[in-house]
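What follows is one structure encoded as structure tokens, with my remarks underneath.
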Amino acid sequence: MNGLAKKYFSKADKIVFLQKGDYLFRKGEQNNNLYLLQSGRMKGFDPQDQGEFFEAESGDFIGLHSFFSLVSTTRMSLIALEDSVIPYISKGDFSHEDADELNADFMPAVIFMMLKRQEQAHQASLRHQKILRDMQEVERLASLGQLSAGVAHELNNAITVISRGSDYIIQQVLDQLKCNSFETEMINAGLSQGRYVSSAEARKVARDLKKLHPSFSDAKLRDYARTGMGERLASQPLETAQRAFNLWNLGASLYDLQLAVQQSEHVINSMRSLASTNVIRQAGCDINSSIRHAVSLLSNPLKKVTLDLRLGEIPTVFGNSAELCQIWTNIMKNAADAMAGQLQKDSLLTVATDAPDGYVRVRISDTGPGIPDEIIDEIFKPHVTTKKTGQTFGLGLGLTIVHKIVKRYDGDMSVESSPEGTTFTVTIPFGATL
Amino acid sequence: MKKAHIILIDDQIDVLSALLQDLKPFRERFILDDCQSADEAYELMEELEVSGEQIALIISDHIMANKNGIELYADLAHDQRFEDVRKILITGQASHEDTIDAINNASIDYYISKPWSIEELHKVVRKMITHWIFDHGLNHKDYEGMIDTDVLLKRSKAAGDR
């Protein structure tokens, strides 16, 4: 390129000086010049077709098409993006004899420019396709949102009935059954703690009990063991023990019912936020308290996890607590699920809040197995999930919901992950630009 | 008469309890063992095998935290010790591929989808028990109330034809 520049473009009197915003030429003009962009930046575009354009940087030739082809009409308009210095040569400078030498000298440059333009066009096409895909995705989410809203609404009614009904049943059971203090203790134990004895543990305790009470049936001893008060029950008279177990089981079943209701409510809430919301946001929203609320909603999944809350001094934001709460519940539930059952390291969930610079920053870290490299770029998209268990949402929508909500707050979200664990960072600006 | 075992597997203890409760009528002739994972169940099965206990039937959930039900059943299909144990898979969410895999590689005997009805569950369990009884040349009269008459007729006829 330098050789060509020296050979053809060093005439001091054939230079165009452009200021930013000036046109070199417009589309459809007669052009008999070949320009070399010595310094500056130019943009070539078709005023009728917004999609087509290219950028020229220093060292690029401009006007190659019109100079070397039969058609000397410009295909694009050329405008200076920065102040530019553009030496040029004209067709008129050359005679017939010079033609061969000229062609030979510029051939590589012409080919290079053509390839470059082709590549730029290809990239533009790819960008265009991606935009189309994103739009389709948005449409899909929108209809998914509508569907979810409908489903959520229907389910809500049913869940309300179940929830109120089971609370009522619990009340009535405690009031109506004439229980002595031991029996009341048994029902309450089931009701408040549920089935906390694992199947393996119950089997082991039952085996031990069998040694002390060989005449009792295996099945009975297993039942007693499941309450966590096996020895106590085994030392009661048969009828007392049987009734006590039945009452414990009743309490535990009601506990299970409440758990199922909580889970359903979580699912419905998450689905609701997929739809466009009519959420009322206000000033004075405390992110720390929405985090505490999330922790209480997840009391069950978080049972086997060590929780470290480091909630700093943060200002309130303009927002809706329930809406923000969904961000935390979805991320924390993911974390709890990721660490579920891991034995080789501790299950630690850390939530830290601070306000470094005009926004509230929430960092949620777990000590799970991390997110595989292959999917980490996709995790905010719908239907991407590492979860196969039926215990979780499993639709792969949790993080999509989170992302949607964060965007509504004009906030930001990022994730770091390694086999040691994963950290999600969410930032929410203080301000009211909603 | 020594009771054979029915093993129940689900990683969610509330669902496991529901299964236990629903299968209580079978406690008369079988020992119900609840397990919260495929690994726990396999370990238990090995213990039982060593002590000469019989395992008639396994009812397992499909989707579980670590090894899932189909994977467990595939392992069992290749384990000579447990070839004759009847296998039921319970699933709340299964794709075509899962079904094909279950049938081809895991030779499950029956599929039940969640939520199950107690009648359906009992019917399937009775079928499986009846098959197991004939597989082991046991007397079906010892298992009154737990026999499926269709299976009884089919298997009796087959036995008689030989």
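Please report the carbon-and-sulfur percent of the accessible area for the protein assembly as shown; probe 1.4 Å, protein heavy atoms only, DNA, RNA and ligands left out. The value for the protein assembly as shown is 52 percent carbon and sulfur by accessible area. Per-residue mean of foreign Cβ neighbours for B:10-17 is 6 (Cβ atoms of other chains, 10 Å radius). Dipole of segment A:281-429 computed with +1 at Lys/Arg Cβ and -1 at Asp/Glu Cβ about the Cα centre; of A:THR425, A:ILE376, A:TRP328, farthest Cα towards the positive end is A:TRP328. Rounded to the nearest 20 debye, the dipole magnitude of chain A is 1660 debye, with +1 charges on Lys and Arg beta carbons, -1 on Asp and Glu beta carbons, and the Cα centre as origin. For segment A:2-93, what class follows from the C-alpha gyration tensor (a ≥ b ≥ c being the square roots of its eigenvalues): rounded when a/c is under 1.5, otherwise prolate if a/b is larger than b/c, else oblate? In terms of gyration-tensor shape, oblate. Evaluated at q = 0.08, 0.14 Å⁻¹, a Debye calculation over the C-alpha positions of chain A (equal weights, vacuum) places log10 I(q)/I(0) at -0.70, -1.18. Here the scattering of segment A:159-240 is modelled by Debye summation over its C-alpha atoms, one equal scatterer each and no solvent; at q = 0.14, 0.18 Å⁻¹ the log10 of I(q)/I(0) is -0.58, -0.83.
Counting only residues at least eight positions apart within a chain, or on another chain, the aspartates and glutamates with an alpha carbon under 16 Å from that of B:LYS123 are B:ASP22, B:ASP109, B:GLU144, B:ASP148, B:ASP150.
With runs of 4+ DSSP H residues as the only contributors, calculate the mean residue ellipticity of chain A at 222 nm using -39,500 (n - 2.57) per run, divided by the residue total and rounded to the nearest 500.
Value at 222 nm, helices only, nearest 500: -16500 deg cm²/dmol.
Calculated on C-alpha atoms, the gyration radius of segment A:281-429 divided by its Kirkwood radius gives an Rg/Rh of 0.94.
Working ranking of peptides A:11-23, A:280-292 by packing, defined as the average number of other Cβ atoms within 10 Å per residue, highest first, is A:280-292, A:11-23. Annotation for segment B:1-59: trypsin sites (Lys or Arg not before Pro) lying in DSSP loop with at most 14 further Cβ atoms inside 10 Å of their Cβ are B:LYS2.
Check which residues have an amide H placed less than 5 Å from B:LYS67's amide H, if you skip close sequence neighbours. Here the answer is B:ALA38, B:ASP39, since their amide H atoms fall under 5 Å of that of B:LYS67.
Give the residue list of GluC sites (Glu not before Pro) in segment A:1-75 that are DSSP loop and have at most 12 other beta-carbon atoms within 10 angstrom.
Passing sites in segment A:1-75 do not exist.
Working note: Cα atoms of segment B:4-116, range along each principal axis, descending, whole Å: 37, 31, 22.
Between their Cα atoms, which of A:LYS220/B:LYS127; B:LYS67/B:LYS141; A:LYS178/A:LYS220 are more than 29 Å away from each other? The answer is B:LYS67/B:LYS141.
Interface burial in segment A:199-223, defined as at least 40 Å² less accessible area with all protein chains than with the chain alone at a 1.4 Å probe, covers A:SER199, A:ARG203, A:ARG222. Straight-line cross-link partners of A:LYS43 among the lysines, defined as a Cα under 20 Å from its Cα and at least 8 positions apart when in the same chain: A:LYS20, A:LYS27, A:LYS116. Could you state how much accessible area is buried at the B-A interface, both sides summed, with a 1.4 Å probe, in Å² to the nearest 100? Heavy-atom accessible area buried at this interface is about 1600 Å².
The values are calculated or read from the model by the stated rules, or taken from the named source; none is laboratory data. Owing to the predicted nature of the structure, the values given are computational and were not obtained by experimental measurement. Methodologically, a virtual Cβ is constructed for each residue, glycine included, from the backbone with ideal geometry; neighbour enumeration extends over all protein chains shown. Calculation scope for accessible area: heavy atoms of the full protein, side chains included, ligands and nucleic acids excluded. Shrake-Rupley method; radii C 1.70, N 1.55, O 1.52, S 1.80 Å.
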